[in-house]
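Reading through the structure tokens given below for one structure.
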Amino acid sequence: MTEQNRQRAVRLFVAVLALTALANGLGSNIFSNYFNEVFHIDSVQRGFIEIPRESPGILCMVLVAALGLLGNLWMSVVAQVLVLVGLVVMGWMSPDYGTMLVFLFINSLGMHLFMPLNDAISMDLADRDKVGATLGKFKGVNTLFAMIAAIIVFFGFRTRLFSFEQETILPFALAAGLTAGAVILLVCMARLMPQKNPVKNHKLLFRKRYMPYYLVTLAYGCQKRIKIVFAPWVIINLLGQGADTVALLTIVTYLAGTWAAPFLGKMLDKLGVKQMLWMEAAYIAVSFTVMGLLAGKLAGGSFSLRDPLTWMVFGAYVLCVLFEQFNMVHSYMMRSIALDPSEITRTLSVGLSVDHIMAIVASPVMGLIWEAWGVQYVFYLAALSALFQIAAAALSRDV
């Protein structure tokens, strides 16, 4: 591919990242409020509903192996079409609980299939000596437009333009339109770019050499439960806040992320994987423990925006969710230890499946722990999972 075509592909991919970030912000990022306000679920149900939402992550490695001949870009088109189907049903058809779970699964299948493909395409488009910085820039674009989506959600719900009581759930409908745009741009990219690092065979791929990567994805599966499920549930369930407050906190988180992502990308190029894993482990252990200590003080109480504890919880929430910016370290690690470039996408998909096996186990377990012992122990358990990052850092000396 010529440099001119590469630059065109980069611009198209930036537009794809912008559209998918907006769609995720208007769609999946408000699912917790959707479940709460439309179906009135409790904390135990909130844990168990993650099974149909996260089980597609396990199927991801099978799909990538089966569809490998299509190449990363055409597989990305398939992924976004699945996202689109789920959003159309949930946005326009007012499904009952059982039907919603089916199309939540379909939507989630597309989202999870796109995750390793996104990382693989990002690294394909990166400059040879600036992979970390390029990943940081792409992550920064994603974070910026996710923040814009959060602003739209905040004002949409605050002005009642958005509502879960309407027959058409407008944010989901808008997300569907944005996803359709991403599909068109991905088709353009697929026609522009030759297939890179084609899959040589379609068997599932596990190698002992890649154990550090599997360890960090196993940890990430537990840690991500905090971002997606339990940190928002503290705000929604214990503090009694609505989608507008969650969106406002998301705006703050993404604003911080637009600085953090490029910074971490540059640090990754400078320090390398091992040091970044130590940094990630320390950050997770501290931020999750602090959130656990604060959230434990909320149980059984009634708090308003005038209470200092409420604002301390808001600050801890932002710190907890911001940990996701470290995810680029995991993809960079996989690229640096890969025996063959054609194995990167398949191994990223296996790692995603490992992540989601942990997610499916951890979500209901954490829901039960919350109910039986208290919210703080959910966060303490997630903080302990930083030991996996420490183990991966130790093993990385050998790869």
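Looking at the chain, the accessible area is 41 square angstrom per residue; that uses a 1.4 Å probe and ignores ligands, DNA and RNA.
Ranking G140, S108, L82 by how far each Cα lies toward the positive end of the dipole of segment 72-146 (charges on Cβ) leaves G140 at the top. Between I184 and L271, the modelled labels are 4.3 nm apart [label points 7 Å from Cα along Cα→Cβ]. Over the chain, DSSP H runs of length four or greater, each weighted -39,500 (n - 2.57), average out per residue to a 222 nm ellipticity of -25000 deg cm²/dmol. Restriction of the chymotrypsin sites (Phe, Trp or Tyr not before Pro) in segment 317-385 to DSSP coil positions whose beta-carbon has at most 14 other beta-carbons within 10 angstrom yields W373. Please return the longest stretch of the chain lacking exposed loop sites, where GluC sites (Glu not before Pro) count only if DSSP places them in a loop and at most 13 other Cβ atoms lie within 10 Å. That would be 168-399.
Shown for the chain: the carbon plus sulfur share of the solvent-accessible area, taken with all protein chains present and a 1.4 angstrom probe, equals 65%.
Residues of segment 258-289 with backbone nitrogen within less than 14 Å of a virtual label 7 Å along the Cα-to-Cβ line of A394, please, listed as ranges. In segment 258-289, the label zone of A394 (backbone N under 14 Å from the point 7 Å along Cα→Cβ) covers 278.
For segment 309-370, report the translational diffusion coefficient in µm²/s to the nearest whole number, using Stokes-Einstein at 10 °C, 1.306 mPa s, and a Kirkwood Rh over Cα pairs. Translational diffusion coefficient: 111 µm²/s.
Gain on full extension, evaluated as 0.36 nm per residue between T168 and Q7 minus their Cα-Cα distance, stands at 54.0 nm. Between the beta carbons of F39 and L339, assuming R0 = 41 Å, the FRET efficiency works out to 0.30 to the nearest 0.05. A Förster radius of 45 Å, combined with the Cβ-Cβ distance separating L192 from V286, puts the computed FRET efficiency at roughly 0.50.
In whole angstrom, segment 91-154 maps to an equivalent ellipsoid with semi-axes of 32, 17, 6, each derived as √(5λ) from the alpha carbon gyration tensor and ordered largest first. By definition, a body whose alpha carbon gyration tensor gives a ≥ b ≥ c is oblate when a/c is 1.5 or more and a/b is not larger than b/c, and segment 40-108 fits this oblate description. Please identify the helices of the chain, taking whole runs of DSSP H, that span at least 24 Å along their own axis as judged from the Cα atoms and have a mean Kyte-Doolittle score of -0.5 or higher. Flagged H segments are 3-26, 71-92, 97-125, 131-158, 170-192, 243-271, 273-296, 344-372. Once both labels are positioned 7 Å from their Cα atoms along Cα-to-Cβ, the gap between V102 and A66 label points is 1.8 nm. The overall shape of segment 258-399, judged from the alpha-carbon gyration tensor, is prolate: a/c is not under 1.5, and a/b is greater than b/c.
Which is farthest toward the positive dipole end of the chain among I121, V234, I357, measuring Cα position about the Cα centre, with Cβ charges +1 (Lys, Arg) and -1 (Asp, Glu)? Looking along the dipole axis, the top candidate is I121.
For a distance above 29 Å, tell me the whole-number percent of Cα pairs in segment 1-156 that qualify. I get 23 percent for the Cα pairs in segment 1-156 exceeding 29 Å.
Using bins of 10 Å that start at zero, the share of Cα-Cα pairs per bin across the chain amounts to 5, 23, 36, 26, 9, 1, 0, in whole %. Label point of M312 set 7 angstrom out along Cα-Cβ; within segment 223-260, amide nitrogens under 16 Å from it belong to 239.
Put simply, segment 233-306 fits an ellipsoid with semi-axes of 31, 17, 7 Å; these come from the alpha carbon gyration tensor as the roots of five times its eigenvalues, largest first.
The values are calculated or read from the model by the stated rules, or taken from the named source; none is laboratory data. Predicted, not measured: the structure shown is a model, and the values here were computed from it. So basically every Cβ, Gly included, is an ideal-geometry build from the backbone, and we count neighbours across all protein chains shown. Surface areas here come from the heavy atoms of the whole protein model, side chains and all, with no ligands, DNA or RNA. Shrake-Rupley method; radii C 1.70, N 1.55, O 1.52, S 1.80 Å.
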